[in-house]
Structure formats: structure tokens, C-alpha cells
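The values are calculated or read from the model by the stated rules, or taken from the named source; none is laboratory data. These numbers were taken from a predicted model, which means no experiment stands behind them. With ideal geometry, Cβ positions are generated from the backbone for all residues, glycine too; neighbour counts draw on all protein chains shown. Please note that ligands, DNA and RNA were not included when accessible areas were found on the heavy atoms of the full protein model with its side chains. Shrake-Rupley method; radii C 1.70, N 1.55, O 1.52, S 1.80 Å.
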Amino acid sequence: MWQALISPVTNLASTFLKNKAEKSAAKHKLELNVLENKARLALAEHEANSEWEMAQLQDKDKVLRWFSYTMFTAPIVITVISPEWGRRIFENLEYAPSWVVEVWIAMNGAVWGLSSLKNVVPSVVGSMRKK
């Protein structure tokens, strides 16, 4: 009887640990590939040694993008869950100076727009130079 109760739990735990190990192995493999690619670029004299290639592989701005996305989304989610709290949030935005709101929007635009452009523009310029 105990085995019938414990078996599903142990199966679930072993599946969880197996998935976690596979994810860790995949992350480690990605990091190794990035390091190997950096070494290849450093040794290759005929190729352009570009940091944007590494940034594309590593996605360094992911945490910053998630944070800014959460800042934009949280008031909407709060309004859906509790309309009274949401109303207060949006009413309080009226008290913020307009320049603060504009700078905040510009900073978030830079996080989403410019951080992606810094990875795309060098590849476009490089492909135009090759033609």
C-alpha cells in the first residue's frame, strides 16, 4: 500500500530532477559554445571580432527587459484584479511631473529598442560591406 502512494511522488521527483539536470546541461553547453566562439573570433584575423555576436548569444539584457515589462504590465494586472487599486495607481500618475514620466518612457524605449538595435545594426552593416 505504501508503495502505491510513494511511487507517483518518486516518479514526479525523478522527472523533475531529470528535467532540471537537462536544463543545466543545456545552459552549460551554451556557455561553452559562447566561450569557444569567443576564442575562434579572437584567433581569426580575417573575421571581424565583434562583441555584438557574443551579446546575441548570451542575451545579456534579458533581466532588464523583464523588469521593464513587469513595470508596464503590473498596473494593468492590478487593475484587472482590483479595479479600486488600479484606479488609485493611475490617479497617482497625475501627480508625477511630466518630465519624470517622459524620461521613464524614454528609458524603457531604450531598453527595448536600442538594446535590440545594438545587436542587429552591426550585422546589417557587415552584410552591406560584403556586397
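I need every pair where a residue in segment 99-121 that is part of a helix (DSSP H, G or I) has its Cβ under 9 Å from the Cβ of a residue that is modelled with pLDDT under 80 and open to solvent by 70 Å² or more (accessible area, probe 1.4 Å), sequence separation at least 6 or different chains.
These pairs meet every condition: VAL111/LEU64; SER115/LYS60; SER115/LEU64; ASN119/GLN56; VAL120/GLN56.
Listed residues PHE16, PHE67; which is modelled with pLDDT under 90, surrounded by 11 or more Cβ atoms within 10 Å (Cβ to Cβ), in a helix (DSSP H, G or I) and of a type outside the set (Val, Ile, Thr)?
Step by step, each of PHE16, PHE67 is checked, and only PHE67 is modelled with pLDDT under 90, surrounded by 11 or more Cβ atoms within 10 Å (Cβ to Cβ), in a helix (DSSP H, G or I) and of a type outside the set (Val, Ile, Thr).
Does THR79 satisfy the condition of being more than 25 Å from ALA110 (Cβ to Cβ) and either modelled with pLDDT under 85 or surrounded by 12 or more Cβ atoms within 10 Å (Cβ to Cβ) (or both)?
yes
Return yes or no: is LYS60 modelled with pLDDT of 70 or more and open to solvent by 70 Å² or more (accessible area, probe 1.4 Å)?
No, not satisfied.
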